[in-house]
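A short write-up of the structure that comes next.
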Amino acid sequence: MKKYDQKILKTAIPAFVISALCYAAMWGIMRRTENTFLAGYIGGGGAVSQIRNILICILVGVILFVLPLEKICDKTYGAVCYCGSLFTDKKKFRDAAALFVLTFLYVVICWASVTFSIHTDSGLDDGGHWGLFGSGSDEIYAVVITILAFVVMVKGVDLVKKSWSGVLFWFLIELANVVSVKLVTAKDDLTFAIVCAETIMFILYMAVQHRLNIVTCLLSLLCGAILIFAGCDDVFTSKNKISGSSIMDELDQAGSMPDRIFGARYNITIIEHQAGIGLCILWFVLLVILSIAVILSASRLMKVSVRRGTFVLGIYMIEAFLIIYAILAELGFIKPAVTLLLHMNEVVPVMILGFRMFFVEDGSHNEKSSFNV
């Protein structure tokens, strides 16, 4: 029977429970106020469909939890190393060959996904969201391909000897990831969140590994800024910028729902409008508690496994930056957000996957011995 690091689990279990309770409360507040606000305009699912969706999300998370992720990663990396050895028989070039194969495979997966999406002409579905397999399936794709990018990044960067080469490698994977997500989803806020999360992941990972210097840090920030300005269309210059308060003023004056609210997300404004400032403050308090629980537990995990800790922080930061984008958009500073915050289809399985990262076997702290996620 496997023995896990009990010190890590003693931190992880309370943090996961606190995070789950905070998320459930935040999601419930958002869902309730939005359904009330949009009643008569957009039909919502019944209680039975909601319960079924919750159970499916939990089931997906449980499947991810019980999968032998370490063995899968070890076998996959072994296959990558074997393919790399076909290019060279010299020991000093083996890491470079493995890195090339790893990068090439990820780029091919992104290219194939985008090609499939374009040639099947998924377009806008009946729910008004991009997605080949139904409303919101584009966001599921974005999460899957981004998590795969995280795994490739945290393993591949250790194969690079020089810090500036690490920046280049990370940037190439981030570029493939972001281009893929943008072409499949066409969502600027999601692209923004992924770029910010992956850029900070690199800085944190290299800092903990004592490989970060000022030049490397500035290069990574520059690469992140280039991706944001190149991948997010007119986010800062869009003429469609409008604050949530202006939307509500139009609603009060016209007596009917403004057309511009459809196709955009004003989740925080809706909470304040429907339930008052008190419940809106409570929502942010829950967010702060959730954030503290995740960050503290992940920081302790990083002392045992830098890769796992960085991975947990990465998946948290995507949602955190989506919320930051939404706040700026609802204040009228940038283009309106279009991604639903705290979407259960992605958040629940990913939360359980993040919890799975804390199950570190005793004696497996040496990350160089295996491709730990």
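Please report the base-10 log of the normalised intensity I(q)/I(0) for region 197-326, using a Debye sum with one equal scatterer per alpha carbon and no solvent, at each q in 0.13, 0.20 (1/Å). These q points yield log10 I(q)/I(0) values of -0.77, -1.17. Taking a straight line from the alpha carbon of Lys239, these lysines sit under 29 Å away, with near neighbours fewer than eight places off in the same chain left out: Lys182, Lys187, Lys335. Computed from point charges on the beta carbon alone (+1 for Lys and Arg, -1 for Asp and Glu), the dipole magnitude for the chain about its Cα centre is near 1720 Debye. Within the listed set Lys71, Lys90, Lys155, the residue fluctuating most in the Gaussian network model of the chain (springs between alpha-carbon atoms under 10 angstrom) is Lys90.
Among Ala98, Ala193, Ala207, the largest mean-square fluctuation in a Gaussian network model of the chain, built with springs joining Cα atoms closer than 10 Å, belongs to Ala207. Among the protein heavy atoms of the chain, carbon and sulfur supply 68% of the accessible surface, probe 1.4 Å, non-protein parts ignored.
Restricting the chymotrypsin sites (Phe, Trp or Tyr not before Pro) of region 180-274 to loop positions (DSSP other than H, G, I, E, B) with no more than 15 neighbouring Cβ atoms within 10 Å leaves Phe236, Phe262.
What accessible area per residue, rounded to a whole number of Å², is obtained for the chain using a probe radius of 1.4 Å?
Ligands and nucleic acids excluded, the result is 50 Å² per residue.
Put simply, the Cα atoms of region 167-252 extend 56, 25, 18 Å along their principal axes, the longest span coming first. Of Phe87, Phe65, Phe169, the residue with the greatest mean-square motion in the GNM of the chain, using alpha carbon springs below 10 Å, is Phe87.
Computed over the Cα atoms of the chain, pair by distinct pair, the Kirkwood hydrodynamic radius stands at 22.0 angstrom.
PRE reach from Lys7 (point 7 Å along Cα→Cβ): which of region 192-208 fall under 20 Å by backbone N? 208, by backbone N distance to the label point.
The values are calculated or read from the model by the stated rules, or taken from the named source; none is laboratory data. Predicted model only: the values in this text are computed from it and were never measured. For neighbour counting, all protein chains shown are included, and Cβ atoms are generated from backbone atoms with ideal geometry for every residue, glycine included. In case anyone asks, the SASA skips ligands and DNA or RNA and just uses the protein heavy atoms, side chains included. Shrake-Rupley method; radii C 1.70, N 1.55, O 1.52, S 1.80 Å.
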